[in-house]
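A.B. asks: Sharing a structure below in structure tokens format, with a few things to ask.
The values are calculated or read from the model by the stated rules, or taken from the named source; none is laboratory data. The shown structure was predicted, so the numbers you read here are calculated from the model rather than taken from an experiment. Virtual Cβ from ideal backbone geometry, glycine too; neighbours counted across all protein chains shown. Quick note on the areas: whole protein, heavy atoms, side chains included, nothing else; ligands and nucleic acids left out. Shrake-Rupley method; radii C 1.70, N 1.55, O 1.52, S 1.80 Å.
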Amino acid sequence: LLTHASSVNTACTSPEALPGPAGVVSLGCGDGSCEYDNNLQCSWILAADPTKQVEVSWQWIDVETSNLCGYDSVSILAVAGDGTTTEVQKSCGDVLPTPTTVTLPVGSGLMVQFVSDSTRSEHGFGLAYAQTAVAQDDDPVPTPSACRRRFSRPCLRVVLRCVALRCVALRCVALRCV
């Protein structure tokens, strides 16, 4: 549940800090009444809370479709304590990405990046984010093979094949799924 909503729809001059612990990031118009500009490089950042994980849920997307999202795209990145980023999901097109909800590792910050090229534009995107308490479980530390099995199973009628996996904060994290 969102405890604080913030709608972001700017010209993207520099990284913008997201208010926490929850809110909405959007660019463009979900109702199709406007289009985002060309040549944008936007980013929004949510600072990490070392005791919480971040959940990101797609609300809508309509971004220029291309092979491997090479023209316009929206990326969700996990930000480690040292500032390094790991791309968790990159999306384009007008179909909600699968999975529609992405959970970042405990202690990670969130970065949302939007990039548009110099040609065609569409209507944009909207996603919700929330820092949540971590559910305690008795699962053992996953092995790389357990991570591969977990991310090779069908997810919402689509089979994810992960080409890069890493165990982070005692959880499997898919770094790139195709």
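A.B. asks: Within the range 20-73, track down each residue that is among the aromatic types (F, W, Y) and open to solvent by less than 40 Å² (accessible area, probe 1.4 Å).
C.D. replies: Selection gives Y36, W44, W58.
One line per residue, one yes/no per condition, for (1) within 21 Å of C34 (Cα to Cα); (2) in contact with a Cys (Cβ under 8 Å, 6 or more places away or on another chain); (3) of a type outside the set (F, W, Y):
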position	(1), (2), (3)
C92	yes, yes, yes
P97	no, no, yes
T100	no, no, yes
S108	no, no, yes
T119	yes, no, yes
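A.B. asks: Hey, among V25, V54, which residue is among the β-branched types (V, I, T) and closer than 13 Å to Q113 by Cβ?
C.D. replies: V25
A.B. asks: Could you list, ordered by first residue, the pairs with Cβ atoms under 6 Å in which the first is in the range 42-71 and at positive phi and the second is open to solvent by less than 40 Å² (accessible area, probe 1.4 Å) and part of a loop (DSSP other than H, G, I, E, B), at least 6 apart or interchain?
C.D. replies: C69/C92
A.B. asks: Would you pick out the residues in the range 74-109 that are hydrophobic (A, V, I, L, M, F, W, C) and either without any contact (Cβ under 8 Å) to a residue 24 or more places away in the chain or loosely packed, with under 14 Cβ neighbours inside 10 Å (or both)?
C.D. replies: V95
A.B. asks: Continuing with the same structure: Can you report the number of residues in the range 82-129 which are in a loop (DSSP other than H, G, I, E, B) and either more than 15 Å from L18 (Cβ to Cβ) or touching a Leu at 6+ places or on another chain (Cβ under 7 Å) (or both)?
C.D. replies: 23
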